[in-house]
Amino acid sequence: MILPPLADRFGRTFPYLRLSVTDVCNFRCSYCLPNGWQPTGTERFLTGAEILRLVRAFAGLGTWKIRLTGGEPSVRRDLTEIIRTTAAVPGIRRIALTTNGYRLAERAESWFDAGLQAINVSIDSLDRARFRLITGHDRLVEVLAGVEACRRLGFSAVKINTVLLRGLNGDAVDDFIDFVADRDLSLRFIELMRTRDNADYFADQHLPAHRVIDRLTARGWHPLPRVEGAGPAQEFMHPDSRGRIGIIAPYAKDFCASCNRLRVSARGLLHLCLFGSGGHDLRPLLQDDTQIGALQTTLTNLLTLKRDRHYQAEGDFGTLPSLAATGG
């Protein structure tokens with residue numbers, strides 16, 4: 001049964017769910033997990049059955065786009081099966097994945113065959129030495145090979161995510177723009193976000209997104225209108241470029257006005273906002289198929305708590321220790 005779509009008090013609807021399948025990541029990106037992922041001994045991530053019930057509940061409330069995230073989702077051995085079962089849920093029209101690209105070239109085909117349609121690959125530098133400095137791994141060549149494999153397979157969207165870091169890639173914006181000139185790719189520049197624990201790093205590396213927008217404008221790029229179900233990026237095009245550039249600017253005016261996505265962590269916590277304080281535990285309602293109706297009622301009620309925007313300008317950075325904790 002299709003129920004009224006998820007909506008908040010401000011008239012926003014939520015066709016898009018970012019679903020983390022693990023907190024574990026095998027990279028050590030300086031802006032996210034500089035010391036690598038640290039186990040706590042209490043890890044018990046959502047099972048495949050729990051994920052399926054969650055997706056079915058959201059689909060019944062009008063959600064049609066699912067993005068699987070982490071940590072690094074590919075560390076789960078059952079990721080291909082998660083993709084396959086999620087893609088088969090009635091009402092789900094689009095499955096996307098965000099990955100660091102580890103062993104992507106050899107896994108992309110099985111994911112594509114399972115129903116994955118779109119993929120975002122994190123690449124924060126096109127320089128091999130800088131890539132290693134940022135991620136802790138000398139894997140740029142194989143990550144780029146994975147991107148090319150996805151292009152050959154025919155994914156409907158292949159995107160590159162690049163976190164703007166003033167001292168690490170801030171001088172290479174033109175290199176990224178040139179990289180997509182002859183490639184049918186969409187590159188996302190993501191403004192570094194402040195979290196609970198990264199105050200010093202943020203102060204040192206934050207590069208305002210408007211500086212990149214100014215550079216794009218100077219080079220003749222033009223903004224495009226948003227499309228249904230799109231993520232938070234403002235996209236730009238250039239008549240002489242095959243690729244596109246997107247800007248995710250969380251501190252821009254009215255950034256939250258177009259919010260259309262919710263987040264569920266790998267442990268089953270619903271996060272109404274990336275910068276919110278804590279999450280709402282959905283896991284008790286994921287244990288049996290008969291609970292889906294109760295879960296949908298809970299989701300509808302929780303949406304009344306969603307705030308109109310994040311409050312970072314007022315110094316409220318929430319309780320998020322790192323972006324890996326909720327899948328970004």
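The values are calculated or read from the model by the stated rules, or taken from the named source; none is laboratory data. In this text the structure is predicted, and so the values were computed from the model without any measurement. All Cβ positions, glycine included, derive from the backbone under ideal geometry; neighbour counts span all protein chains shown. In case anyone asks, the SASA skips ligands and DNA or RNA and just uses the protein heavy atoms, side chains included. Shrake-Rupley method; radii C 1.70, N 1.55, O 1.52, S 1.80 Å.
If we keep just the residues of region 196-218 that are over 20 Å from residue 253 (Cβ atoms) and among the polar types (S, T, N, Q), which is modelled with the highest pLDDT?
205
When only residues in region 215-245 that are among the small types (Gly, Ala, Ser) and out of contact with any Leu (no Cβ under 9 Å at 6 or more places or on another chain) count, which is farthest from residue 170 (Cα to Cα)? Before you say what the answer is, go through the steps one by one.
Of all residues in region 215-245, those among the small types (Gly, Ala, Ser) come to 218, 220, 229-231, 233, 241, 243.
Then keep just the ones that are out of contact with any Leu (no Cβ under 9 Å at 6 or more places or on another chain); that gives 218, 220, 229-231, 233, 241.
Values: 218: 16, 220: 20, 229: 30, 230: 26, 231: 23, 233: 19, 241: 21 Å.
Going through the qualifying residues, I end up with 229.
Just to verify a result, which residue in region 52-77, among those that are in contact with a strand residue (DSSP E or B) (Cβ under 7 Å, 6 or more places away or on another chain) and aliphatic (A, V, I, L, M), is surrounded by the most Cβ atoms within 10 Å (Cβ to Cβ)?
Per the stated criteria, the residue is 68.
Given (1) β-branched (Val, Ile, Thr); (2) open to solvent by 10 Å² or more (accessible area, probe 1.4 Å); (3) free of Cβ contacts under 8 Å to residues at least 40 places away in the same chain, identify the lone condition not met by residue 83.
(2)
Taking region 229-248 only, how many residues are charged (D, E, K, R), surrounded by fewer than 19 Cβ atoms within 10 Å (Cβ to Cβ) and without any contact (Cβ under 8 Å) to a residue 60 or more places away in the chain?
Taking region 229-248 first, the residues charged (D, E, K, R) are 235, 240, 242, 244.
Add one more test, that the residue is surrounded by fewer than 19 Cβ atoms within 10 Å (Cβ to Cβ), and what stays is 240, 242.
Restricting the remaining residues to those that are without any contact (Cβ under 8 Å) to a residue 60 or more places away in the chain gives 240.
The number of residues fulfilling the criteria is 1.
Going by what's in this entry, would residue 146 be described as open to solvent by less than 10 Å² (accessible area, probe 1.4 Å), assigned to a loop (DSSP other than H, G, I, E, B), under 29 Å from residue 38 (Cα atoms) and small (Gly, Ala, Ser)? It would help to see each step written out before you state the result.
Details: open to solvent by less than 10 Å² (accessible area, probe 1.4 Å): yes; assigned to a loop (DSSP other than H, G, I, E, B): no; under 29 Å from residue 38 (Cα atoms): yes; small (Gly, Ala, Ser): yes.
No: the conditions fail for residue 146.
Open to solvent by 10 Å² or more (accessible area, probe 1.4 Å) and either closer than 22 Å to residue 310 by Cβ or not hydrophobic (A, V, I, L, M, F, W, C) (or both): which single residue out of 172, 181, 203, 157 fits that description?
On the way: 172 fails: either closer than 22 Å to residue 310 by Cβ or not hydrophobic (A, V, I, L, M, F, W, C) (or both); 181 fails: either closer than 22 Å to residue 310 by Cβ or not hydrophobic (A, V, I, L, M, F, W, C) (or both); 157 fails: either closer than 22 Å to residue 310 by Cβ or not hydrophobic (A, V, I, L, M, F, W, C) (or both).
Testing whether each residue is open to solvent by 10 Å² or more (accessible area, probe 1.4 Å) and either closer than 22 Å to residue 310 by Cβ or not hydrophobic (A, V, I, L, M, F, W, C) (or both) leaves just 203.
State whether one or more residues within region 31-49 are of a type outside the set (Lys, Arg), within 21 Å of residue 293 (Cα to Cα) and either in contact with a Pro (Cβ under 9 Å, 6 or more places away or on another chain) or open to solvent by 40 Å² or more (accessible area, probe 1.4 Å) (or both). Before the answer, list the steps.
Narrowing region 31-49 to residues of a type outside the set (Lys, Arg): 31-43, 45-49.
The next check asks that each one be within 21 Å of residue 293 (Cα to Cα); those that pass are 46-49.
Those left that are additionally either in contact with a Pro (Cβ under 9 Å, 6 or more places away or on another chain) or open to solvent by 40 Å² or more (accessible area, probe 1.4 Å) (or both): 47, 49.
The answer is yes, given that some residue of region 31-49 is of a type outside the set (Lys, Arg), within 21 Å of residue 293 (Cα to Cα) and either in contact with a Pro (Cβ under 9 Å, 6 or more places away or on another chain) or open to solvent by 40 Å² or more (accessible area, probe 1.4 Å) (or both).
Wholly within region 223-303, which strands (runs of 3 or more DSSP E) include no fewer than the required count, namely at least 2 residues that are over 24 Å from residue 211 (Cα atoms)? Walk me through it before giving the result.
Working: elements: 234-237, 244-248, 261-264, 269-271.
Ranges flagged: 261-264, 269-271.
Among (1) of a type in the set (D, E, K, R); (2) crowded, with 16+ Cβ neighbours inside 10 Å; (3) more than 18 Å from residue 247 (Cβ to Cβ); (4) out of contact with any Phe, Trp or Tyr (no Cβ under 8 Å at 6 or more places or on another chain), where does residue 128 come up short?
(2)
Can you run down the residue pairs with Cβ atoms below 8 Å, 6 or more apart or on separate chains, where the first is in region 266-287 and at positive phi and the partner is modelled with pLDDT under 90 and in a loop (DSSP other than H, G, I, E, B)?
Qualifying pairs under 8 Å: 278/319.
Can residue 285 be described as open to solvent by 20 Å² or more (accessible area, probe 1.4 Å) and modelled with pLDDT of 95 or more?
On the way: open to solvent by 20 Å² or more (accessible area, probe 1.4 Å): yes; modelled with pLDDT of 95 or more: yes.
Against the criterion (open to solvent by 20 Å² or more (accessible area, probe 1.4 Å) and modelled with pLDDT of 95 or more), residue 285 qualifies.
Output yes when any residue across region 183-190 is of a type in the set (Lys, Arg) and under 21 Å from the mean Cα position of the chain (by Cα), and no when none is. Walk me through how you get there before you give the answer.
Filtering region 183-190 for residues of a type in the set (Lys, Arg) gives 183, 188.
If we keep only those that are under 21 Å from the mean Cα position of the chain (by Cα) too, we end up with 188.
Yes, the conditions are met somewhere in region 183-190.
Note down all Cβ pairs under 7 Å where the first residue falls in region 201-215 and is assigned to a helix (DSSP H, G or I), the second is open to solvent by less than 30 Å² (accessible area, probe 1.4 Å) and among the aromatic types (Phe, Trp, Tyr), and they're at least six residues apart or on different chains.
Hits for this filter: 209/189; 212/189.
Considering only residues that are among the β-branched types (Val, Ile, Thr) and under 19 Å from residue 33 (Cα atoms), which ones fall in region 169-211? Walk me through how you get there before you give the answer.
Step one: list which residues in region 169-211 are among the β-branched types (Val, Ile, Thr), which gives 173, 177, 180, 190, 195.
Answer for region 169-211, where residues must be among the β-branched types (Val, Ile, Thr) and under 19 Å from residue 33 (Cα atoms): 190, 195.
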